[in-house]
Amino acid sequence: MKHLLSIEELDSIQLNALIDSAVQLKAERGNHTVRPLAGQTWAMIFTKSSTRTRVSFEVGVRELGGSIMFLSSNDIQLGRGEPIKDTARVLGRMIHGCIIRTFDQQDVIDFSEFGNIPTINALTDAEHPCQILADLLTVKEKLGTWEGKKCVFIGDGDNNMSRSWIWAAKYLGFELVVAAPEACLPPKAFIDKVNAPNVSFTTDPQEAVKGADVVNTDVWLSMGQEDQAEKEALFGDYQVNAELLSAAAENHIVLHCLPAYREKEITEEVLELHSDTIFQQAENRLHAQKAVLAAIAM
Ligand code: CP
Ligand code: NVA
């Protein structure tokens, strides 16, 4: 692996290796004998807000021996229109790796090609690969494995989280049901490209959640969509609440990548009932991303 730009471009061997590495790094936290980023300087370029991703990468790079700078896109010339390919060619001559959060997946791809340094997608409109790795680690810790489990994604079926889950399901083979309003299901071209018989799509959240081992949700309006009231209005039946979860498997877990909007995609009651899992999932960002850093550091 040279970069982590998407789950789509990985395979089952790489996904399993990253999760195994994350398990090991988590177990030996505070006691690392190998520091693969020793002597390195990394940067984060963020065009969108972040709590978990920013802090977990700042901590993770340091724990692996490197140093890191945070660059808000508004504070660098990128925010005034300097092309990403020029930013990449400058930074590529000075730093050892870059972590980017932005809108357009093509910007992350362009940075990786022009910068010629390890590049990590820290969320785009297309994918959130770092989050899925933490989610998978959490499933493994809580349920032992994802093999043979039924996972459900309820909410916006065509956002960065659902798409990354869809690719993960394709490669790892677990059952995934995506339940979303018709207008928020992925387009046929995407579904055809994924071509995974173990991934199905429905507009019926009650049917989807029947017997589910993992119930996963995310905000209805992703960053950049905050003013789309007409989109939010589609999601009334898609709230993860106690009534919906009554049909899930007895020992089901609930995942939420956070931040969560109470009484919208998830109730306060459900979030607090499953807070042990959800905040373990947030902590796992650190361990999963250290595995990514260790895998791609030059
Ligand atoms: N889940 C997640 O990526 O959180 P932040 O937006 O706080 O980084
Ligand atoms: N789908 C959400 C994820 C936030 C971590 C967003 O893009 O805002």
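The values are calculated or read from the model by the stated rules, or taken from the named source; none is laboratory data. No experiment lies behind these values; they were computed from the predicted model shown. Counting neighbours? That spans all protein chains shown, and the Cβs are built from the backbone with ideal geometry, glycine included.
Structure notes:
- Scan of the stretch 205-256 for residues that are more than 24 Å from the chain's Cα centre (by Cα) and of a type in the set (Lys, Arg), ordered by number: LYS210
- Meets criteria (away from ligand 2 (no atom under 11 Å from the Cβ) and without any contact (Cβ under 8 Å) to a residue 40 or more places away in the chain) for ASN116: yes
- Restricted to the stretch 29-57, and to residues there that are of a type in the set (D, E, K, R) and under 23 Å from ILE166 (Cβ atoms), the residue that is surrounded by the fewest Cβ atoms within 10 Å (Cβ to Cβ) is LYS48.
- Residues in the stretch 2-28 that are in a loop (DSSP other than H, G, I, E, B) and surrounded by 13 or more Cβ atoms within 10 Å (Cβ to Cβ): 7 in all.
- The stretch 88-105, residues that are in a helix (DSSP H, G or I), more than 17 Å from the chain's Cα centre (by Cα) and surrounded by fewer than 19 Cβ atoms within 10 Å (Cβ to Cβ): ARG89, VAL90
- Among the residues of the stretch 209-249, the one identified as farther than 18 Å from ASN159 by Cα, in a helix (DSSP H, G or I) and of a type in the set (Gly, Ala, Ser) is ALA242.
- Of all residues in the stretch 90-138, exactly one satisfies the criterion of being within 13 Å of ligand 1 (Cβ to nearest atom), polar (S, T, N, Q) and more than 16 Å from PHE57 (Cβ to Cβ), namely THR138.
- Pairing each residue of the stretch 74-87 that is closer than 16 Å to VAL108 by Cα and surrounded by 13 or more Cβ atoms within 10 Å (Cβ to Cβ) with any residue that is of a type outside the set (Val, Ile, Thr) and modelled with pLDDT of 95 or more, provided the two are 6+ apart or on different chains, yields C-beta distances under 6 Å for ILE84/ASP107; ILE84/ASP110; ILE84/PHE111; LYS85/ASP110; LYS85/PHE114; THR87/LEU78.
- Test: residue in the stretch 202-209 that is out of contact with any helix residue (DSSP H, G or I) (no Cβ under 6 Å at 6 or more places or on another chain), within 28 Å of ASN16 (Cα to Cα) and surrounded by 14 or more Cβ atoms within 10 Å (Cβ to Cβ): yes
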